[in-house]
């Protein structure tokens, strides 16, 4: 039996790509289960009075996920993408059990540290594997589909868990649904997902033959993505601030709405609207960035997010105001989220992709740590409105940083060729390729 030929492209790898989309939906659902319920569990089941104490689970989650992203990117070339994906789901299996038997909030924090490891391994690998499969031409669209699936899972799980928690104990909902998701995703990864190392080698040989073909060390990748390369450092800071405000939306907004009289079901609706809009819209925004470039969408998205948070602060916790802010925040995040990873991938070679995306995701998910600490501490000192306003200002500053520091990078030659037309024919001539 002959081996299946290795080809790059979305259509050419539709089966594996679709499977990875489904797996990433499960990754998102694991987090979505907590979006509308876990802060309320901290208040009601464990009687936590401090917002900082409640948001400690987000700090643990963010720290674990950020560090896992960093190590996963460095390990991906050596250990293989598929093995790390499976390991991520293996780590998720005990999370529902820990939540079920937790005698104190510390157990919930520990469970979320494991959940962070799961997300760091599983989401990182589904992202990188999809980029591997499609090659350079439709990278933005591929990442839009990936993030849409993940945050569609977040939205669906957030809405359903909030709805079910109105009739059943919130912790029971988390435990049963979390166990089912972890087991199914683990089995899918073990039985059906294939590694993408051959696709990386093909893209490296085809598009980067003059490169030395060596992945950078962790130290080299960290320096490049943190401060040396303007495109990468702009992406890293924007990703961090994006997840800083996402941590606020996850941990503080349910408490903000509850103190203004919202029911669990209403909180679940708002918690689902934000990632739901984000999920659907980023298919289009990821594809759009392939045509207009990454920088305009990233800068605009950060400024839209800032406006959404400002609206939320002014809403005084009303359901209509919070829902409108959630929709606007989802649109802003859709402009930013897939575009940032595509921008990082544009700036690096295939063999450098996993470690440099890993560093970017380290900084991005460190935003949960800063968001949990900042939002919780400021909310205790100045109230919920003060915390939301401060994060809105930081988000606006991040968008301005992108406008100032990030180089404008036009669509790649491969993207232009994929579009066809006069510009594509000119580019083909420049590269010495026959015009179709």
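The values are calculated or read from the model by the stated rules, or taken from the named source; none is laboratory data. Bear in mind the structure is a predicted one, so any value in this text is a computation, not a measurement. Every residue, glycine among them, receives a Cβ derived from its backbone with ideal geometry; neighbour counts consider all protein chains shown.
Considering each of 175, 154 in turn, give the residue that is farther than 26 Å from residue 80 by Cα, in contact with a helix residue (DSSP H, G or I) (Cβ under 7 Å, 6 or more places away or on another chain) and buried (at least 23 other Cβ atoms within 10 Å of the Cβ).
Matching residue, one of 175, 154: 154.
In segment 287-296, which residue that is under 20 Å from the mean Cα position of the chain (by Cα) and more than 23 Å from residue 400 (Cβ to Cβ) is surrounded by the fewest Cβ atoms within 10 Å (Cβ to Cβ)?
Applying the filter and picking the extreme gives 287.
Quick check: anything in segment 156-167 within 22 Å of residue 35 (Cβ to Cβ) and in a loop (DSSP other than H, G, I, E, B)?
yes
Going by the structure shown, is residue 221 closer than 11 Å to residue 360 by Cβ, buried (at least 23 other Cβ atoms within 10 Å of the Cβ), modelled with pLDDT under 95 and within 19 Å of the chain's Cα centre (by Cα)?
Judged against the criteria, residue 221 is not a match.
Under 20 Å from the mean Cα position of the chain (by Cα), modelled with pLDDT of 90 or more, within 30 Å of residue 380 (Cβ to Cβ) and surrounded by 24 or more Cβ atoms within 10 Å (Cβ to Cβ), is that true of residue 62?
It is true that residue 62 is under 20 Å from the mean Cα position of the chain (by Cα), modelled with pLDDT of 90 or more, within 30 Å of residue 380 (Cβ to Cβ) and surrounded by 24 or more Cβ atoms within 10 Å (Cβ to Cβ).
Only one residue in 20, 55 is within 21 Å of the chain's Cα centre (by Cα) and modelled with pLDDT under 90, so which one is that?
55
Mind telling me which of the residues 270, 259 ends up being touching a helix residue (DSSP H, G or I) at 6+ places or on another chain (Cβ under 9 Å), farther than 29 Å from residue 405 by Cα and surrounded by fewer than 21 Cβ atoms within 10 Å (Cβ to Cβ)?
Being touching a helix residue (DSSP H, G or I) at 6+ places or on another chain (Cβ under 9 Å), farther than 29 Å from residue 405 by Cα and surrounded by fewer than 21 Cβ atoms within 10 Å (Cβ to Cβ) holds for just one of 270, 259, which is 259.
Quick one: would you say residue 193 is touching a residue at least 60 places away in the same chain (Cβ under 8 Å) and in a loop (DSSP other than H, G, I, E, B)?
Against the criterion (touching a residue at least 60 places away in the same chain (Cβ under 8 Å) and in a loop (DSSP other than H, G, I, E, B)), residue 193 qualifies.
Scan segment 1-59 residue by residue and report those that are closer than 30 Å to residue 138 by Cα and not in a helix (DSSP H, G or I).
Those that are closer than 30 Å to residue 138 by Cα and not in a helix (DSSP H, G or I): 2, 3, 4, 5, 6, 7, 8, 9, 10, 11, 12, 13.
Any chance segment 285-292 includes a residue that's out of contact with any strand residue (DSSP E or B) (no Cβ under 9 Å at 6 or more places or on another chain), in contact (Cβ under 8 Å) with a residue 24 or more places away in the chain and under 17 Å from residue 152 (Cα atoms)?
Yes, the conditions are met somewhere in segment 285-292.
Here are some residues: 281, 326, 313. Which one is farther than 15 Å from residue 151 by Cα and either modelled with pLDDT of 90 or more or touching a strand residue (DSSP E or B) at 6+ places or on another chain (Cβ under 6 Å) (or both)?
313
So which of 332, 317, 265, 321 is part of a helix (DSSP H, G or I) and either closer than 23 Å to residue 56 by Cβ or in contact (Cβ under 8 Å) with a residue 40 or more places away in the chain (or both)?
265
What number of residues within segment 349-366 satisfy the criterion of being surrounded by fewer than 24 Cβ atoms within 10 Å (Cβ to Cβ) and either at pLDDT 85 or above or closer than 25 Å to residue 57 by Cα (or both)?
Number of matching residues: 1.
So which of 348, 359 is closer than 18 Å to residue 235 by Cα, outside any helix (DSSP H, G or I) and touching a helix residue (DSSP H, G or I) at 6+ places or on another chain (Cβ under 8 Å)?
Testing whether each residue is closer than 18 Å to residue 235 by Cα, outside any helix (DSSP H, G or I) and touching a helix residue (DSSP H, G or I) at 6+ places or on another chain (Cβ under 8 Å) leaves just 348.
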